[in-house]
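Report on the structure given below.
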Amino acid sequence: MPRTSEKRTVDMQVIGDWVEPGARVLDLGCGQGALLHYLVQSKQVSAVGVDLDFAKVTACVRRGLCAHQGDMTRFMRDFPEKHFDRVICSRTVQELADPAAVILEALRVGRAVTVGFVNHGFWKNRLNALLQGSKIRNEVYTTEWFESRPSNPVTVLDFERFCGAKGIRIARRAHLAGDWRTPCAALPNLLAGYALYDLAR
């Protein structure tokens with residue numbers, strides 16, 4: 001299995017552990033539906049996704065998933081408070097124009113919110129910037145700077161400060177080492193390659 005696929009599998013397993021069987025789940029930035037499909041198969045969730053990319057939404061529909069093309073914040077406004085048992089924003093938050101607005105709206109429509117992101121403060125990223133003086137390029141950061149991914153690189157420290165400032169409760173957290181498989185037990189802002197948070201109000 002390619003390392004990128006392996007990382008995606010571990011990511012999904014951690015998220016799946018936090019999802020109750022049969023839950024109503026909304027996936028923001030659902031992509032081609034790999035995570036939603038996994039949750040439908042493993043937890044029998046009632047799932048819906050939203051993504052701006054029409055081709056990705058079409059791929060979701062081909063998998064038999066319910067997905068909508070459009071702006072995720074606008075999409076969530078059509079739902080009452082706590083309509084979903086869980087809203088998931090996995091590998092999406094760093095590419096949003098207004099991540100704070102999306103997370104706060106997700107907390108309105110969801111009883112719990114899962115946010116997962118690549119930790120830009122990981123030591124290899126810091127070392128690359130120090131030694132190379134340029135944007136890191138690897139299997140995680142695959143694009144050039146002018147292709148603007150990620151547009152809002154976020155660190156573990158940044159995210160936890162954001163939660164504190166907005167009064168968001170962190171119910172659970174999972175930090176994975178650079179291999180995205182091994183739990184990172186210490187200094188996550190420096191040593192974690194990927195971070196997952198279970199949020200509530």
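The values are calculated or read from the model by the stated rules, or taken from the named source; none is laboratory data. The structure displayed is predicted, hence computed values, not measured ones. Every residue, glycine as well, gets a Cβ built from its backbone with ideal geometry; the counts of neighbours run over all protein chains shown.
In table form, for the structure just shown:
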| read-out | value |
| --- | --- |
| Test: residue in region 82-95 that is β-branched (V, I, T), touching a Cys at 6+ places or on another chain (Cβ under 8 Å) and in contact (Cβ under 8 Å) with a residue 24 or more places away in the chain | no |
| Breaking point among (1) at pLDDT below 95; (2) among the charged types (D, E, K, R); (3) more than 21 Å from H83 (Cα to Cα), for R201 | (3) |
| Which listed residue is of a type outside the set (D, E), part of a strand (DSSP E or B), farther than 21 Å from V156 by Cα and free of Cβ contacts under 8 Å to residues at least 60 places away in the same chain, from A55, A67 | A67 |
| Which numbered condition V50 fails, given (1) closer than 26 Å to L176 by Cα; (2) under 15 Å from the mean Cα position of the chain (by Cα) | (1) |
| The lone exception for V61 - which of (1) hydrophobic (A, V, I, L, M, F, W, C); (2) under 19 Å from the mean Cα position of the chain (by Cα); (3) outside any strand (DSSP E or B) it fails | (2) |
| Given (1) closer than 18 Å to V102 by Cβ; (2) exposed (fewer than 15 other Cβ atoms within 10 Å of the Cβ), index of the condition G64 fails | (1) |
| Neighbours by Cβ (under 7 Å, 6+ apart or cross-chain): first from region 25-37, farther than 9 Å from L65 by Cβ; second part of a loop (DSSP other than H, G, I, E, B) and modelled with pLDDT of 95 or more | V25/V19; V25/V45; V25/D85 |
| Number of the condition not met by H37 [criteria: (1) closer than 30 Å to G164 by Cα; (2) buried (at least 16 other Cβ atoms within 10 Å of the Cβ)] | (1) |
| Count - residues of region 184-201 that are part of a loop (DSSP other than H, G, I, E, B) and either surrounded by 13 or more Cβ atoms within 10 Å (Cβ to Cβ) or in contact (Cβ under 8 Å) with a residue 24 or more places away in the chain (or both) | 4 |
| Failed criterion for G33 (all others in (1) closer than 21 Å to A174 by Cα; (2) touching a helix residue (DSSP H, G or I) at 6+ places or on another chain (Cβ under 7 Å) hold) | (1) |
